[in-house]
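Have a look at the structure below, then the notes.
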Amino acid sequence: MSYLRQPPRATHIKMDAAAERMFLYVIHDCEHQGAQLRMHCFNTLIQVYVYPGGENNDRENNDRENTDTSVPPTAFHAVLHEIAAYLAQQELLLSRTRIDSDVARAHIHAPAWIDVHMQTAQLIEQARQYVNESEGRFDLTMGTMTQLWDFHTGHVPPKYKLAQAREHVGMDKVCVQLLSHNHAQLCITDPDTVLDLGGIAKGACAAYLHRLLPSRGIHRYVLNLGGNVVVRGGRPCERETNQSTQPHTGESLIEPWRIGIVDPRNPDKHRAVLSMTKGSVATSGIHERSFMRGGVFYHHILNPQTGMPADTDLASASIVADYPLDGDGYSTTVLMLGACAGLAFCEARSGIEAVLITKRNEVLYTSGLAGKIQILPSVYSG
């Protein structure tokens with residue numbers, strides 16, 4: 001899937017004063033001479049932490065051609081302002097609910113073709129590849145089904161309504177034309193089809209920022225886009241602070257970031273911890289939105305073929321990937337595949353690892369995570 005390794009180039013659109021007020025954010029300094037961005041976007045909390053250093057780790061991994069591109073901590077705030085503007089622009093482009101977004105305009109004018117930003121068209125085509133790989137388990141046109149459910153009140157829709165909604169599900173109803181390097185069009189051929197890029201937008205933003213920050217001279221950071229976590233450069237440690245006054249011993253100062261995998265049965269706790277210096281983690285879990293009705297457990301991971309909660313032996317699937325968009329693209333598919341097939345699916349793909357937690361509270365993981373994962377005890381048993 002080489003096409004997926006290049007995230008779309010950012011599209012810059014002008015925001016009016018009202019739009020700017022929608023995306024208030026806070027930037028401030030934090031420990032280890034770093035800086036932090038906090039903002040609400042894509043209906044979730046976005047947090048970005050940037051720190052000095054990390055370029056030595058990049059050089060060891062042959063990721064940099066030059067060794068003098070790092071920026072001083074005083075320049076961090078400018079980069080974080082740039083990131084905040086980018087994230088706000090992406091929501092204005094991709095939101096299904098903003099009437100002036102590309103996606104909303106496509107719905108309004110369906111089934112006619114409309115001009116859209118090139119970035120929107122490219123993201124839809126990237127998403128289509130994940131949909132195809134999922135063999136019907138992951139789809140971005142399930143809005144007609146999902147809107148029938150209410151996970152706050154515990155409403156279960158009648159099966160005949162789900163069957164009617166199923167007629168409007170399928171990426172074959174979403175057509176894209178890339179007419180030139182800066183001219184793209186989008187058509188939703190079925191006016192009742194609901195295209196929602198929310199299931200992949202955060203991963204796309206994370207992929208872009210994962211490339212942007214090193215290009216701005218920042219090689220140590222943590223991105224948390226509502227649970228989509230990306231890290232690079234290793235965790236800051238006190239030994240680095242004192243390095244300039246100590247003789248060089250050849251000992252590596254790189255300490256991995258520790259990323260917790262939530263316990264589905266106790267979301268306030270972690271069931272496992274990953275040690276990583278670079279990469280991304282994204283999780284799909286049945287605990288995120290669910291309810292009990294008539295002794296039956298219903299969760300929000302719906303099967304596109306039936307509109308009912310997916311029948312799986314997994315409680316959560318966490319994808320550990322080199323390329324952040326893969327997390328959004330594969331986590332739902334792996335969850336629906338189940339433990340055995342889900343592990344095989346990930347083992348067959350380069351740059352993809354997985355941590356799976358079964359409904360029986362077992363923790364399974366792919367071979368590439370050996371020595372990089374710590375299993376934590378759970379207050380629940382089997």
> Can you tell which of Pro111, Leu325, Ile301 lies farthest toward the positive end of the dipole of the chain, using +1 and -1 charges on the Cβ of basic and acidic side chains (Lys, Arg; Asp, Glu)?
Replying inline: Ile301
> Between Thr153 and Ser367, what is the spin-label point distance in nm, taking each point 7 Å from the Cα along the Cα→C-beta axis?
Replying inline: 5.1
>> Looking at segment 260-375, I'd like the Rg to Rh ratio, where Rg is from alpha-carbon atoms and Rh is Kirkwood's inverse mean 1/r.
In response: 0.96
> Based on the inverse mean of 1/r over its pairs of different Cα atoms, what is the Kirkwood hydrodynamic radius of the chain, in Å?
Replying inline: 22.1
>> Please arrange Cys187, Cys340, Cys205 by how many other C-beta atoms lie within 10 Å of their C-beta, fewest to most.
In response: Cys340, Cys187, Cys205
> Any idea what log10 I(q)/I(0) is at q = 0.22, 0.25 Å⁻¹ for segment 102-196, Debye with uniform C-alpha scatterers and no solvent?
Replying inline: -1.10, -1.27
> About its Cα centre, how strong a charge dipole does segment 68-113 have in debye, to the nearest 20, once Lys and Arg get +1 and Asp and Glu get -1 at the Cβ?
Replying inline: 260
> Each label point is 7 Å from the Cα along the Cα-to-Cβ direction; what then is the distance between the points at Thr146 and Ser350, in nm?
Replying inline: 3.2
> If you put +1 on each Lys and Arg Cβ and -1 on each Asp and Glu Cβ, how big is the dipole of the chain around its Cα centre, in Debye rounded to 20?
Replying inline: 560
>> As an exercise, use a Förster radius of 51 Å and the Cβ-Cβ distance of Gln33 and Asp172 to find the FRET efficiency, rounded to the nearest 0.05.
In response: 0.50
>> Report, in listed order, any pair from Lys202/Lys278; Lys269/Lys372; Lys173/Lys202 with a Cα-Cα distance greater than 21 Å.
In response: Lys173/Lys202
> Do any GluC sites (Glu not before Pro) in segment 288-380 lie in a DSSP loop with no more than 16 other beta carbon atoms within 10 Å, and if so, which?
Replying inline: Glu288, Glu362
> About its Cα centre, what dipole magnitude does segment 102-196 give when the only charges are +1 on Lys and Arg Cβ and -1 on Asp and Glu Cβ, stated in debye to the nearest 20?
Replying inline: 200
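Quick note: the coordinates plus some simple rules give every number you see, no bench work behind them. These numbers come from a predicted model, not from an experiment. All Cβ positions, glycine included, derive from the backbone under ideal geometry; neighbour counts span all protein chains shown.
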